[in-house]
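Student: Before anything else, here's the structure in question.
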Amino acid sequence: MEKIDLDKIRVDITNLDEQLLSLLAQRRALSIQVVKSKVQDQKPVRDSYRETLLLQNLSNKGKKLGLKSDYIHSVYRTIIEDSVELQQDYLMQLNNPNLKSADYKVAYLGSKGSYSHSAVEKYLTGLNGGLIDVGCKSFDDIFAAVEDKDADVGVLPIENTSSGSINEVYDLLQTTRLKIIDELYIPVKHNLLVACESDLSKITTIYGHHQPVAQCSDFLNELNDVEIVVTDSTSTALSEVKKINDPSVAVLGSAEAGKHYGLQSIRADVANQKDNQTRFIVVAREPVTVPMTCAAKTSLILSVGQRPGALVDALMIFKQFNISMCKIESRPIKGRPWEEMFYIDVTENLQSENMQSAIRELKPSVSDYTELGCYVNRSSHTEES
Ligand SMILES: O=C(O)C(=O)C[C@]1(C(=O)O)C=C[C@@H](O)C=C1
């Protein structure tokens with residue numbers, strides 16, 4: 001039998017992959033043409049009917065080529081979500097010409113290797129020009145950097161699928177004049193990383209930011225006699241552990257961060273939930289406006305006083321105007337014991353007639369009312385109006 005030449009097969013695979021890349025780039029160029037036509041006709045970015053037809057057709061054709069339906073769905077979901085994001089970004093830039101420019105200054109927690117840095121990289125995808133890093137040591141510093149014009153925007157985590165809401169960020173939103181201008185969903189995969197040859201049985205100290213520590217609590221609770229050292233950011237934890245270079249010391253961080261700091265993973269996926277995601281917000285001094293053809297979210301802060309039923313009455317106004325609420329969070333108000341501030345996210349454009357009518361009814365019935373901002377709804381599978 002003739003010997004199968006691995007090197008030759010790899011050359012063929014590389015060539016095919018390059019063709020796939022070129023086809024993906026061509027498809028993206030078509031998405032830009034699509035959004036330009038949608039601007040002319042005022043059509044929504046998302047078209048679920050078209051997506052269903054597309055996936056059905058590809059799945060049928062794929063089956064004939066021996067490709068599993070699950071595989072086709074997951075590949076094309078990724079391609080379509082990218083196309084939607086590309087179109088949304090195009091529309092946002094058209095509507096808000098000063099949104100992202102060269103030498104954009106971004107304030108975030110930590111430095112390279114932190115999860116916030118991954119969010120910053122995602123936020124800046126496609127931006128021509130350099131990012132000026134304004135690494136911060138606390139959430140407070142991020143708000144201050146943007147308020148004092150040391151940064152154009154700040155990127156902050158606000159909630160996580162394992163550890164829930166990040167109260168510190170909600171509390172800072174209560175007093176800031178900054179506006180939310182975007183949101184990002186980042187998959188967070190925690191690994192246990194070490195600086196030199198080691199294994200789990202040798203670990204006596206684990207470094208980590210308090211959020212990853214909370215998100216990996218099940219795994220950490222199973223370990224005996226391990227000291228947890230909490231740091232101000234994941235990047236601080238990573239650089240400390242690299243410096244200490246001891247087989248008994250490990251750190252919680254992503255595999256990519258490990259590569260960046262020259263650390264090896266001894267245990268992958270140690271978060272309580274397998275689908276561990278963090279939602280980040282982007283804050284700036286000026287609000288943005290979202291075109292009506294893009295799925296939008298509006299974030300508000302309200303307080304309603306202590307009258308029985310006051311919160312229900314306020315929320316009924318959203319129902320009355322057919323506005324869906326996707327999040328409600330309550331936090332204590334500084335200096336007003338037992339009163340609560342409510343953070344409400346609705347899947348509605350601030351400029352829509354429904355939203356403006358709801359706000360007109362809402363304002364006189366609440367004690368505090370602040371608009372935190374209207375931005376593109378980045379959670380997948382959302383319908384535009
Ligand atoms: O065909 C469209 O209307 C598109 O916007 C393109 C596309 C795609 O990438 O295939 C993207 C989003 C829509 O929800 C449907 C399909």
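Student: Out of (1) out of contact with any strand residue (DSSP E or B) (no Cβ under 8 Å at 6 or more places or on another chain); (2) crowded, with 18+ Cβ neighbours inside 10 Å; (3) outside any helix (DSSP H, G or I); (4) not polar (S, T, N, Q), what's the single condition that is false for residue 358?
Tutor: (3)
Student: Looking at segment 12-36, I want the residues that are under 29 Å from residue 293 (Cα atoms) and have a partner that is at pLDDT below 95 and exposed (fewer than 10 other Cβ atoms within 10 Å of the Cβ) with Cβ atoms under 8 Å, at least 6 apart or on another chain. Which pairs are those?
Tutor: Qualifying pairs under 8 Å: none.
Student: If I ask for residues that are among the hydroxyl-bearing types (Ser, Thr, Tyr) and surrounded by 14 or more Cβ atoms within 10 Å (Cβ to Cβ), which ones from segment 25-37 would you list?
Tutor: Pass one, segment 25-37, residues among the hydroxyl-bearing types (Ser, Thr, Tyr): 31, 37.
Result: 31, single match.
Student: Regarding segment 61-77, can at least one residue be identified that is within 9 Å of the ligand (Cβ to nearest atom) and at pLDDT 95 or above?
Tutor: From segment 61-77, those within 9 Å of the ligand (Cβ to nearest atom) are 76; that's our starting set.
Filter once more, so that each one left must be at pLDDT 95 or above: 76.
Scanning segment 61-77 turns up at least one residue that is within 9 Å of the ligand (Cβ to nearest atom) and at pLDDT 95 or above.
Student: Can you run down the residue pairs with Cβ atoms below 7 Å, 6 or more apart or on separate chains, where the first is in segment 72-92 and of a type in the set (Phe, Trp, Tyr) and the partner is within 9 Å of the ligand (Cβ to nearest atom) and outside any helix (DSSP H, G or I)?
Tutor: That search, which allows pairs on different chains as well, returns nothing.
Student: Given the structure, is residue 241 over 18 Å from residue 199 (Cα atoms) and aliphatic (A, V, I, L, M)?
Tutor: When the stated conditions are applied, residue 241 does not pass them.
Student: Identify all residues within segment 202-218 that are among the aromatic types (Phe, Trp, Tyr) and part of a loop (DSSP other than H, G, I, E, B); write none if there are none.
Tutor: Correct list: empty.
Student: Mind listing just one residue for me: the one in segment 43-53 that is within 7 Å of the ligand (Cβ to nearest atom) and free of Cβ contacts under 8 Å to residues at least 40 places away in the same chain and, of those, nearest to residue 72 (Cα to Cα)?
Tutor: It comes out as 51.
Student: Name every residue in segment 116-152 that is assigned to a helix (DSSP H, G or I) and either small (Gly, Ala, Ser) or modelled with pLDDT under 85 (or both), in order of residue number.
Tutor: Scanning segment 116-152 gives 116, 118, 119, 144, 145.
Student: Go through 75, 39 for me and flag whichever is farther than 21 Å from residue 183 by Cβ, more than 24 Å from the chain's Cα centre (by Cα) and among the β-branched types (Val, Ile, Thr).
Tutor: 39
Student: Residues in segment 178-199: is at least one touching a helix residue (DSSP H, G or I) at 6+ places or on another chain (Cβ under 9 Å) and over 28 Å from residue 121 (Cα atoms)?
Tutor: Scanning segment 178-199 turns up no residue that is touching a helix residue (DSSP H, G or I) at 6+ places or on another chain (Cβ under 9 Å) and over 28 Å from residue 121 (Cα atoms).
Student: Turning to a different aspect of this structure: Which of the residues that make up segment 264-292 are among the aliphatic types (A, V, I, L, M) and over 19 Å from the mean Cα position of the chain (by Cα)?
Tutor: 266, 268, 270, 292
Student: Whether any residue in segment 116-139 is surrounded by fewer than 17 Cβ atoms within 10 Å (Cβ to Cβ), closer than 28 Å to residue 368 by Cβ and not aliphatic (A, V, I, L, M) is what I want to check.
Tutor: Yes.
Student: Can you tell me which of 40, 56 is assigned by TED's automatic domain parsing to the domain that holds residue 83, away from the ligand (no atom under 12 Å from the Cβ) and loosely packed, with under 10 Cβ neighbours inside 10 Å?
Tutor: Exactly one residue qualifies, and that residue is 40.
Student: Spot the failing condition for residue 82; the list is (1) away from the ligand (no atom under 16 Å from the Cβ); (2) touching a helix residue (DSSP H, G or I) at 6+ places or on another chain (Cβ under 9 Å); (3) within 22 Å of residue 256 (Cα to Cα), and only one is missed.
Tutor: (1)
The values are calculated or read from the model by the stated rules, or taken from the named source; none is laboratory data. Bear in mind that the values here come from a model prediction, so they are computed numbers and not experimental data. All Cβ positions, glycine included, derive from the backbone under ideal geometry; neighbour counts span all protein chains shown.
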